[in-house]
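The values are calculated or read from the model by the stated rules, or taken from the named source; none is laboratory data. Bear in mind that the values here come from a model prediction, so they are computed numbers and not experimental data. Backbone-built Cβ (ideal geometry, glycine too); neighbour counts: all protein chains shown. SASA here: full protein model, heavy atoms, side chains in, ligands and nucleic acids out. Shrake-Rupley method; radii C 1.70, N 1.55, O 1.52, S 1.80 Å.
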Amino acid sequence: MPLVHFGVEPREDANLLPLLLWGATESVPCGGENLEWNAAGEAGGGRGRRLNRRRSRRWCVNMPQRTLCRWVRNAESVRVLCPVACFVAAGVFGAICLLSPLRAWSGEDKPPNIIFILTDDHRWDALGILGHPVVQTPTLDRLCRDGVRFENAFVTTSLCSPSRASILTGQYAHTHGVKNNLTPWKNENVTFLELLKQAGYDTAFIGKWHMPGALPDLRGVDRFISFTAQGGQGQYFHCPLIVDGRETPSRKPYITEELTDYALEFISRERENPFCLVLSHKAVHHQFQPPPERAGIYRDKDLPLPAEADTWISMAPDLLYCGLIGPLERTYRNYMETLYATDLEIGRIVESLQEEGIAGETVVIYFADNGFLLGEHRLMDKRWPYEESIRVPCIIYDPRRKGAGGRTAEQMVLNIDLAPTMLEMAGLPVPAGMEGRSMLAYLQGDGAPGRRAWLYEYFRDFPYRVPDMEAVRTERYKYVEYRGRKADELFDLAKDPGEKRNIIRSPEGRIVLPELKAELEALRKGDGT
Amino acid sequence: MSRFATDLERRSLAARFLFPAALVLLIWVSMTTVYDNAWKLGMPALQEAVSWLCGLGGELFRGLAPLIAYPLAYFRGAAPAERAAASLGPFLAWWLLQVTVAAGVFSSGEAVYYGFSQNYLLSLFVTVSVMGVCELICRWVRKRRGGAVGKVWTPAPVAAILSGPVAAFVLIVWGGGVHWFYLYQEGYKLLFR
């Protein structure tokens with residue numbers, strides 16, 4: 001049952017009463033300051049809070065109410081005061097239980113389990129359900145059919161580390177500080193996992209962390225499984241893991257399968273609390289390596305390569321870093337084969353929900369940290385502000401919302417919206433510091449208005465020669481301001497969805513440009529729409 | 001002047017250095033320009049053919065330019081430095097172009113450091129390696145023609161030849177290139193952050 005366990009340790013040298021009074025007068029529900037997590041427990045209801053014994057002792061010595069201490073030690077006083085104090089303490093305890101988010105879950109108000117699956121470099125259109133001519137994604141298609149697919153989902157920075165930090169914090173890169181793959185994560189950043197943990201969720205982060213510096217002592221997670229190999233990118237085969245701070249050799253050769261196994265272990269634990277699992281895959285990050293049994297399955301498929309691309313577009317100088325040197329066709333097939341393999345592993349997660357009997361109370365959210373250009377604009381990689389790079393698949397499957405299945409939401413949603421969404425799902429308030437907004441209203445399908453425009457930002461990431469930029473993306477236009485020599489760009493996405501024609505100097509462009517500039521300026525100042 | 005060139009007529013600077021250098025540079029620039037613009041014609045079949053001929057060909061030509069420039073310069077009496085410079089023409093042009101582009105994004109110091117990233121080092125060492133092969137071939141040919149060549153096999157060209165495979169291993173084979181990349185990135189952090 002519940003996790004509320006105020007495990008008060010009795011002091012040997014003092015009457016219990018002052019301690020009860022201390023608890024009644026000084027402990028603040030959720031205050032955190034006067035309470036210390038008992039991190040010993042993992043799953044189940046045994047976890048609770050334990051009063052800090054040292055602080056209790058210090059209170060008796062230092063607090064102004066010292067005289068009260070002396071008075072209550074008097075036996076006669078205790079006899080008189082004890083029933084009253086116990087009554088007051090019980091009342092306060094009850095109030096704490098009622099007010100605290102750390103409370104017992106009853107069947108109806110129990111918030112859902114949340115499984116958030118994050119993949120890497122998965123561009124928005126690489127889904128079987130969208131009619132992609134090569135890749136099959138049976139699991140994601142099924143989630144789309146049973147859940148809601150967000151047609152216009154974007155990332156505010158198309159790069160792994162900043163985007164992942166944005167997802168965890170609900171903030172833009174310029175706010176959370178992880179601006180590129182070289183700037184470290186700040187430990188003071190608050191993640192949605194931390195807030196869910198405070199609300200009583202069992203939590204786990206499993207998979208790619210990939211933010212510069214050592215793995216953090218991440219607050220608010222019961223399980224933290226990640227890797228630091230290859231600068232935090234991990235490797236597709238035989239990737240050593242760090243399981244709750246301990247280096248652990250890989251148990252399975254292929255990383256996607258390995259991470260899925262750990263996720264299944266977490267899901268299958270017996271517990272009474274709801275749980276939130278972040279399963280953060282390395283796949284389908286370049287170098288796009290499928291497992292042996294999937295390698296070559298798309299060998300004979302005709303590929304829908306963009307007209308401006310060619311076989312050797314991958315010889316561009318900076319692509320050697322990505323390990324993409326070689327014919328574009330080979331890279332493309334590897335990408336799709338890796339994606340298919342990842343989809344099948346996600347299928348194991350979805351199947352497990354049925355087996356565990358929690359399918360009806362578990363929300364599954366699928367998102368990618370950024371897209372990937374596969375020859376469009378004669379580019380490969382992400383970073384750039386073009387649609388293939390910034391637009392990602394976003395699916396929310398919520399079994400509690402009957403009738404929403406198979407719907408497509410048109411509102412523009414962002415990676416910074418995920419944290420607020422998950423908090424709202426758990427019935428928690430969204431902190432003011434989060435810059436995203438919850439997507440829950442869009443799940444209903446009643447035409448809740450979405451944002452009109454949003455800010456895209458990119459900060460240089462040596463040695464990739466992509467300049468700093470800021471852009472505003474509206475439903476119709478995209479205006480990009482580059483730092484340095486590269487000319488600014490303006491695209492009419494309604495007439496030119498491929499962003500082939502920069503209209504910034506055209507008559508039409510001149511008409512809309514001032515408004516877009518003003519919009520960008522407002523977004524920079526945080527007055528976004 | 002090379003000690004091996006004593007029996008060769010030493011031609012003018014234009015003939016022994018500028019001509020071989022300009023020739024390979026022109027070939028490389030032509031291939032690159034055609035490749036970069038072929039897609040604008042909107043003819044997929046042509047574009048694909050051009051991508052193989054001029055795209056892949058242009059990339060390979062940077063490293064293989066010594067096969068043309070080096071013998072031309074050698075048999076026109078060019079000194080080793082002139083032969084090397086003529087052979088490195090396409091690489092140097094490409095390198096300067098890429099570093100200039102980088103300077104538009106990064107600081108000058110970062111742009112120079114960028115110029116020493118693995119693709120440029122790899123390209124440089126492959127070119128040097130091919131120069132080593134050319135030197136041995138030229139010596140052998142000259143010796144067969146009765147020229148005053150000492151030993152064909154000497155340490156310098158052999159070392160030059162070996163530099164290519166060694167660089168390829170360290171830069172792109174070792175850990176799929178990732179190990180070197182992260183060492184390079186550590187260097188960047190030490191210098192610029």
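Can you find, within segment A:378-413, the residue that is surrounded by the most Cβ atoms within 10 Å (Cβ to Cβ) among those that are within 14 Å of another protein chain (Cβ to nearest Cβ) and at pLDDT 95 or above? In this case the residue turns out to be A:Arg383.
In segment B:70-125, counting only helices (runs of 4 or more DSSP H) that sit wholly within it, the ones holding 3 or more residues that are open to solvent by less than 40 Å² (accessible area, probe 1.4 Å), within 14 Å of chain A (Cβ to nearest Cβ) and modelled with pLDDT of 95 or more span B:89-103, B:108-114. Within segment A:439-450, is there a residue that is assigned to a loop (DSSP other than H, G, I, E, B) and under 18 Å from the mean Cα position of the chain (by Cα)? For segment A:439-450, residues assigned to a loop (DSSP other than H, G, I, E, B) and under 18 Å from the mean Cα position of the chain (by Cα): present.
Scanning segment A:295-314 for residues that are assigned to a helix (DSSP H, G or I) and either charged (D, E, K, R) or buried (at least 22 other Cβ atoms within 10 Å of the Cβ) (or both) returns A:Trp312, A:Ile313, A:Ser314. At least 1 residues being free of Cβ contacts under 8 Å to residues at least 24 places away in the same chain and either farther than 25 Å from A:Tyr456 by Cβ or among the hydroxyl-bearing types (Ser, Thr, Tyr) (or both) is the threshold, and among the helices (runs of 4 or more DSSP H) wholly inside segment A:127-185 those reaching it are A:138-146.
When segment B:33-67 is filtered for residues that are part of a helix (DSSP H, G or I), open to solvent by less than 60 Å² (accessible area, probe 1.4 Å) and away from every other protein chain (no Cβ under 11 Å), the ones remaining, listed by number, are B:Phe61, B:Gly63, B:Pro66.
Taken together, the criteria place A:Arg223 among residues that are at pLDDT 90 or above, over 20 Å from A:Asp381 (Cα atoms) and touching a Phe, Trp or Tyr at 6+ places or on another chain (Cβ under 7 Å). Selection of first residues in segment B:176-193 that are more than 7 Å from every other protein chain (Cβ to nearest Cβ) and of second residues that are open to solvent by 80 Å² or more (accessible area, probe 1.4 Å), restricted to Cβ pairs under 7 Å at least 6 apart or on distinct chains, gives the following pairs, ordered by first then second residue: B:Trp180/B:Trp174. Among the residues of segment B:3-13, is there at least one that is closer than 18 Å to B:Arg139 by Cα, among the aromatic types (Phe, Trp, Tyr) and at pLDDT below 95? Within segment B:3-13 (the criterion being closer than 18 Å to B:Arg139 by Cα, among the aromatic types (Phe, Trp, Tyr) and at pLDDT below 95), the answer is yes, since at least one residue qualifies. For segment A:440-458, the condition holds for at least one residue, the condition being that it is farther than 18 Å from A:Gly147 by Cβ, buried (at least 20 other Cβ atoms within 10 Å of the Cβ) and within 14 Å of chain B (Cβ to nearest Cβ). Among residues belonging to segment A:400-424 that are among the hydrophobic types (A, V, I, L, M, F, W, C) and assigned to a helix (DSSP H, G or I), point out the one that is farthest from A:Ala368 (Cα to Cα). Among those residues, the one meeting the criterion is A:Leu423.
When you scan segment A:235-281 for strands (runs of 3 or more DSSP E) that lie fully inside it, which ones turn up with 2 or more residues that are under 22 Å from B:Tyr182 (Cβ atoms) and open to solvent by 10 Å² or more (accessible area, probe 1.4 Å)? In segment A:235-281, A:246-248 are the strands (runs of 3 or more DSSP E) which contain 2 or more residues that are under 22 Å from B:Tyr182 (Cβ atoms) and open to solvent by 10 Å² or more (accessible area, probe 1.4 Å).
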